[in-house]
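A.B. asks: Below is the structure I would like to discuss, written out as structure tokens.
The values are calculated or read from the model by the stated rules, or taken from the named source; none is laboratory data. Treat the numbers as computed from the prediction; the structure is a model and nothing was measured. Every residue, glycine among them, receives a Cβ derived from its backbone with ideal geometry; neighbour counts consider all protein chains shown.
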Amino acid sequence: MAPTYRVEKDSMGEVQVPAEALYQAQTQRAINNFRISSHKMPHDLIIALAYIKHAAAQTNAQFGNLDSNIADAIMHAAQTIIDGQHLAQFPIDVFQTGSGTSTNMNANEVLATLASQHLQQQVSPNDHVNMAQSSNDVIPTAIHVSAVMVSENQLFPALTHLSETLEKKQAQLQGIVKTGRTHLMDAMPITFAQELSGWQAQIQHATRAISATLDTVKALAQGGTAVGTGINAPAQFNAIFCQHLSQLTGKAFVPSDNFYFNLSSQDAVVSLSGQLKTLAVALMKISNDLRWMNSGPLAGLAEISLTALQPGSSIMPGKVNPVIPEAVAMAAAQVIGNDTTITVAGQSGNFQLNVMLPVIAHNLLESLHLLANSCTALADNAIAPFTVQQAHIDSALAKNPILITALNPVIGYLKAADIAKKAYKEGRAIIDVAEEETELSRSELEELLNPLTLTQGGVSKK
């Protein structure tokens, strides 16, 4: 059966649009023009747009500039999008006009159609849905709104969960000593709890930094309209709009103190992306530590055993791989790449408008989702269930010649180095060689070389 079309008209003329589509002429032009990728504008951004249109209609009605019945119809239509309906009606490629005008008009047209159906009278995409707005303030606002909502609703709970999981794991492993490593080489002992506390601190620092950056992101461009002067928007539109939007979303949005900043730059988002990159670096470090600690099980470090989740090879029976840390490391790499894209895009603020907004939105929201999901996967499927290979770590620790470091204040660095080399060459425990090569008694050596004591800074010898 051949597709059926209807004819829609905009300022440039007539366009054929699929008969069942809720969008109109300008959306169809964008579909025809932008066949660059398979990436569509993120649903989180579309939902943010619906919140913006809802709050704008409410504000315009409050000022008496928009008929209350039309405003109610627009708000009703926006709520259906917020509820997750009609998202297939937003088919425009990410790689489109740099202002995101096509996506703004896509939202205007879909909401106008839905409002017209609800009201049984014509609602205009431009004159009604887009009243007192411009794509130039709507899309930057949508980027900020969607970033705040995904951060607070998804990323922060996942970060809290990962931090709490690390804290619980520290309590379980308290007092279990392992060989520390610097340059991937044997070093002084450390407890598992100490090692995991470093990971937890990375997550906590990243969380605080992201939260602080969001304060700037919560300041919105809406009300600046075309170039930041607020043309066609009533005085105080921005303040009333932010009140309505904050009530709708439960987030504390405020008007920007400088619309020229918000329209011409994406500095706040570039800063947020930088903090997300820092979190990605932390997750990659933790993931790689887990991979090293799990390596083996016979020829590697074999300090821990990660949960076996799936067969690791199509040819080698019995092989199991650290799939969660690997997946998280790849996600972290993608976030780091996304930050580079956002950084380059952030430089494209020419005079009064940044013209790479859609790709910024795409990469920022992808990063937020990747990080949130990675934190949860790492917590639940790697950190919480791993077990310690106690016999293996005890054996390695007993033979670790670097323990001799604790005797430096007693016998001197050079003498300690000779003992360490002999112990390593002969494959013997350091305490046995030290007993032969020094005048220290066995009991004194046991006290000075106790691995658990050494994790607390050691015993001073007078």
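A.B. asks: Taking helices (runs of 4 or more DSSP H) that fall entirely within segment 189-287, which contain at least 2 residues that are touching a Gly at 6+ places or on another chain (Cβ under 7 Å)?
C.D. replies: Here the list reads 237-249, 259-264.
A.B. asks: Looking at (1) surrounded by 17 or more Cβ atoms within 10 Å (Cβ to Cβ); (2) in a loop (DSSP other than H, G, I, E, B), can you tell me which one ILE324 breaks?
C.D. replies: Failed condition: (2).
A.B. asks: Among the numbered criteria (1) in contact with a helix residue (DSSP H, G or I) (Cβ under 8 Å, 6 or more places away or on another chain); (2) more than 16 Å from PRO358 (Cβ to Cβ), which one does ALA88 miss?
C.D. replies: Failed condition: (1).
A.B. asks: Taking the criterion of being outside the structural domain of ASP186 (by TED's automatic domain parsing), over 51 Å from the mean Cα position of the chain (by Cα) and either surrounded by 11 or more Cβ atoms within 10 Å (Cβ to Cβ) or in contact (Cβ under 8 Å) with a residue 24 or more places away in the chain (or both), would at least one residue in segment 448-461 satisfy it?
C.D. replies: Checked segment 448-461: no residue is outside the structural domain of ASP186 (by TED's automatic domain parsing), over 51 Å from the mean Cα position of the chain (by Cα) and either surrounded by 11 or more Cβ atoms within 10 Å (Cβ to Cβ) or in contact (Cβ under 8 Å) with a residue 24 or more places away in the chain (or both).
A.B. asks: Across segment 245-292, what is the number of residues that are more than 23 Å from the chain's Cα centre (by Cα), in contact (Cβ under 8 Å) with a residue 40 or more places away in the chain and crowded, with 19+ Cβ neighbours inside 10 Å?
C.D. replies: Total satisfying the criteria: 5.
A.B. asks: Can you confirm whether segment 387-394 contains a residue that is surrounded by 24 or more Cβ atoms within 10 Å (Cβ to Cβ) and in contact with a Leu (Cβ under 8 Å, 6 or more places away or on another chain)? Don't jump to the end; show me each part of the working.
C.D. replies: Keep residues of segment 387-394 that are surrounded by 24 or more Cβ atoms within 10 Å (Cβ to Cβ), which gives none.
No, segment 387-394 contains no residue that is surrounded by 24 or more Cβ atoms within 10 Å (Cβ to Cβ) and in contact with a Leu (Cβ under 8 Å, 6 or more places away or on another chain).
A.B. asks: Within the set of pairs 6+ apart or on separate chains, which have a first residue in segment 62-82 that is in contact (Cβ under 8 Å) with a residue 24 or more places away in the chain, a second that is crowded, with 24+ Cβ neighbours inside 10 Å and among the charged types (D, E, K, R), and C-beta atoms under 6 Å apart?
C.D. replies: Close Cβ pairs satisfying both conditions: ALA78/LYS53.
Residue by residue, here is whether (1) within 24 Å of the chain's Cα centre (by Cα); (2) outside the structural domain of GLY300 (by TED's automatic domain parsing); (3) small (Gly, Ala, Ser) holds:
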position	(1), (2), (3)
ALA333	yes, no, yes
GLY337	yes, no, yes
ALA345	yes, no, yes
HIS362	yes, no, no
LEU407	no, yes, no
LYS415	no, yes, no
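A.B. asks: Going by the structure shown, is ALA71 small (Gly, Ala, Ser) and at pLDDT below 95?
C.D. replies: When the stated conditions are applied, ALA71 does not pass them.
A.B. asks: A further question on this structure: Condition test on PHE95, is it in the same structural domain as VAL328 (by TED's automatic domain parsing), in contact with a helix residue (DSSP H, G or I) (Cβ under 8 Å, 6 or more places away or on another chain) and over 30 Å from ASN60 (Cβ atoms)?
C.D. replies: No: the conditions fail for PHE95.
A.B. asks: Now for a different question. Only residues that are over 30 Å from THR179 (Cβ atoms), crowded, with 16+ Cβ neighbours inside 10 Å and small (Gly, Ala, Ser): list them for segment 336-386, please.
C.D. replies: Those that are over 30 Å from THR179 (Cβ atoms), crowded, with 16+ Cβ neighbours inside 10 Å and small (Gly, Ala, Ser): ALA345, GLY346, SER348, GLY349, ALA361, SER367, ALA372.
A.B. asks: Yes or no: THR216 in contact (Cβ under 8 Å) with a residue 12 or more places away in the chain, of a type in the set (S, T, N, Q) and surrounded by fewer than 18 Cβ atoms within 10 Å (Cβ to Cβ)?
C.D. replies: Yes; evaluated as a whole, the condition is true for this residue.
A.B. asks: Out of the residues in segment 4-24 that are touching a residue at least 60 places away in the same chain (Cβ under 8 Å) and under 14 Å from SER102 (Cβ atoms), which is surrounded by the most Cβ atoms within 10 Å (Cβ to Cβ)?
C.D. replies: Among those residues, the one meeting the criterion is TYR23.
A.B. asks: Also, quick follow-up: For segment 275-286, does any single residue satisfy the condition of being modelled with pLDDT under 95 and of a type in the set (A, V, I, L, M, F, W, C)?
C.D. replies: no
This table checks each residue for (1) part of a helix (DSSP H, G or I); (2) touching a Ser or Thr at 6+ places or on another chain (Cβ under 8 Å); (3) under 30 Å from LEU276 (Cβ atoms).
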residue: GLY296; (1), (2), (3): no, no, no
residue: ALA299; (1), (2), (3): no, no, no
residue: ALA308; (1), (2), (3): no, no, no
residue: PRO317; (1), (2), (3): no, no, no
residue: ALA329; (1), (2), (3): yes, yes, yes
residue: ALA333; (1), (2), (3): yes, no, yes
residue: ASN338; (1), (2), (3): yes, yes, yes
residue: THR341; (1), (2), (3): yes, no, yes
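A.B. asks: Could you pull out the residue among SER197, SER163, SER271, SER246 that is assigned by TED's automatic domain parsing to the domain that holds ILE342, of a type in the set (Ser, Thr, Tyr) and over 23 Å from ILE383 (Cα atoms)?
C.D. replies: Answer to the check: SER271.
A.B. asks: Additional query: Which of the residues that make up segment 217-242 are of a type outside the set (A, V, I, L, M, F, W, C) and within 31 Å of the chain's Cα centre (by Cα)?
C.D. replies: Once the filter is applied, which keeps residues that are of a type outside the set (A, V, I, L, M, F, W, C) and within 31 Å of the chain's Cα centre (by Cα), segment 217-242 yields LYS218, GLN222, GLY223, GLY224, THR225, GLY228, ASN238.
A.B. asks: Taking segment 182-213, which residues are of a type in the set (D, E, K, R), within 29 Å of the chain's Cα centre (by Cα) and more than 30 Å from GLN154 (Cα to Cα)?
C.D. replies: Just the residues of segment 182-213 that are of a type in the set (D, E, K, R), to begin with: 186, 195, 208.
Going one step further and asking which of them are within 29 Å of the chain's Cα centre (by Cα), we end up with 195, 208.
Selection gives nothing.
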